[in-house]
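The values are calculated or read from the model by the stated rules, or taken from the named source; none is laboratory data. Predicted model only: the values in this text are computed from it and were never measured. As a convention, Cβ positions derive from the backbone with ideal geometry for all residues, glycine included, and neighbour counts pool all protein chains shown. We work out accessible area using only protein heavy atoms, side chains counted, and drop any ligands, DNA or RNA first. Shrake-Rupley method; radii C 1.70, N 1.55, O 1.52, S 1.80 Å.
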Amino acid sequence: MTSLLPHAAYALPPIMRITGAANPPIGHYEFCKANAAECRPTGGDAGPMTLTEQRWQTILDVNYTVNTEIQPMTDQEIYGVEERWAYPTTAGDCEDYVLEKRKRLMERGFSPSDLLITVVLQPNGDGHAVLTVRTDRGEFILDNMRNKVSLWSETEYTFLKRQANDDPGRWVKIRDGRATAVGSVRP
């Protein structure tokens with residue numbers, strides 16, 4: 001029987017290198033002001049979860065389900081504002097997909113310290129949000145623009161920053177080597 005778990009062949013490290021504190025994205029800062037419970041420290045970091053066949057299947061299912069249930073729309077189209085992070089009902093933008101996937105995985109027993117909202121740059125230079133899932137087999141990316149779940153190092157993105165493992169209200173810089181600045185706010 002063949003394993004469904006990914007087999008990692010690493011060109012880059014299987015985990016992202018964190019280099020220090022970062023300012024939160026503006027939308028996340030506002031989201032935390034409105035949803036304080038979502039941004040409280042998690043009570044520590046037990047390290048990356050052990051990736052089992054069942055957990056891998058859950059990750060794949062949640063990514064696919066949210067990608068197919070939610071219609072992509074901008075915050076301007078939905079709310080009439082440039083940036084708003086919110087749980088989607090029928091439509092949302094990249095951060096909304098990430099929030100929903102994170103929530104659904106936590107409902108299925110995943111630790112918040114292993115589900116990190118991450119800001120990246122697309123090859124065209126546009127900012128984008130994805131969900132990083134930390135595992136003992138590497139850090140995997142759930143993305144609303146594709147149903148395939150890949151190691152962070154196998155994506156075309158430049159990784160800029162993400163939530164801290166032990167505190168979802170705090171953000172850390174990622175050393176990717178290709179990073180440039182995106183909008184953020186000092187809390």
With every protein chain present, what is the per residue accessible area of the chain (1.4 Å probe, Å²)? 51
If the chain between residue 126 and residue 69 were fully stretched, how many nm would it gain, using 0.36 nm times the residue separation less the Cα-Cα distance? 18.1 nm
Short version: ³J(HN,Hα) in whole Hz for each residue of segment 119-134, in order, from phi by Karplus 6.51 cos²θ - 1.76 cosθ + 1.60 (θ = phi - 60°), x for Gly and Pro, what are they? 9, 10, 10, 6, x, 7, x, 6, x, 7, 10, 9, 9, 8, 10, 7
Among 92, 78, 174 - extreme Cα towards positive end, dipole of the chain, charges at beta-carbon: 174
So, in the chain, how many Lys pairs have Cα atoms under 22 Å apart, if the pair is 8 or more places apart or on different chains? 10
Magnitude of the charge dipole, the chain, Cβ model with Lys/Arg +1 and Asp/Glu -1, debye to 20: 540
How much length would be gained if the chain were fully extended between residue 19 and residue 57, taking 0.36 nm per residue of separation minus their Cα-Cα distance, in nm to one decimal? 10.5 nm
Taking the chain as the region of interest, what is the percent of Cα-Cα pairs per 5 angstrom bin, listed from the shortest bin to the one with the maximum distance? 1, 8, 17, 22, 22, 17, 9, 3, 1, 0, 0
Rounded to a whole %, the carbon-and-sulfur portion of the accessible area of the chain at a 1.4 Å probe is 50
